[in-house]
Amino acid sequence: MKPPTIILVASIVLSSAALAYLYLQIGQTQENLQQEVTKSGAHAAELSAKIADSSAQIESLKKDLSTQTANLTDTNATLSATDNRVGQLGRDQTQVRAQVVALVDAQRVISVEVTQIKPEIAELKLAAAAVTPDMLAGLTTTTAALQSKVAELEAALAKASARTKGPAVVSEGGPLTAEAASSVLKAGGARFDVLSVGNKNAFVVVQAGAAEELQVGQHFVISRNGSGIAEAVVSSIHEKCTIAQVIPSSLKRALNKGDVAIVAQ
């Protein structure tokens, strides 16, 4: 054979051998790649399963978180209600303490007053023990006589008023000046209780008789609780009582039994 032909044949053989080798390498590579793809698919499936499991866990965690949030909200509401209740209990306790303190103070005051009253009670008991039945009978008789006399005087004055068609008021002795009336209230003369008040406050019957040396025309300032409420002028003096006509213009309010008549000097 000629040398060129030999070289050509050798080249063809080498090329065939190279192609065969490459084919084998390609086949091996494809097999390796297929295995890698298979492994990758399996790994991807595993990852998908893990992702699905993680998603389920995430959903479960979300549910737990929602439950915990709801429980926390309830707990906060309970704590707030408890705080309010504690605050109210504190206020109630403060109020109760104040009431207890007030009660203790009241008991202390009552105890002091009872201690002060006990001697007075003892004195009253002694005074009551010293009053004899005869003394009581005498006082009862005197009171009845005075009441009878007052009734007679009121009846007589009522008749006189009816005849004159008006209250019997003495013409002399007008109202005192404000300064004079105030002076009588502060430092006036003798003081006597009002035993009775005539119809429409026309007159008063004063517990002062002839022994008190009063004079017809003399002024009384009638007071109650230290304030002047009317003025009256003595119209008649009897053994156990005195009648004084009320000056209408001086009358500030209705007169009552128990008011005080103060003699104007």
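Any read-out appearing in this document is the output of simple, stated calculations on the displayed coordinates, not a laboratory observation. Owing to the predicted nature of the structure, the values given are computational and were not obtained by experimental measurement. Every residue, glycine among them, receives a Cβ derived from its backbone with ideal geometry; neighbour counts consider all protein chains shown.
Quick look at the values:
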| quantity | calculated |
| --- | --- |
| Residue-by-residue Karplus 3J(HN,Hα) for segment 69-79, coefficients 6.51, -1.76, 1.60, Hz, glycine and proline x | 5, 4, 4, 5, 4, 4, 5, 5, 5, 5, 5 |
| Net charge of Cβ neighbours under 15 Å - reference Gly258; Lys, Arg +1; Asp, Glu -1 | +2 |
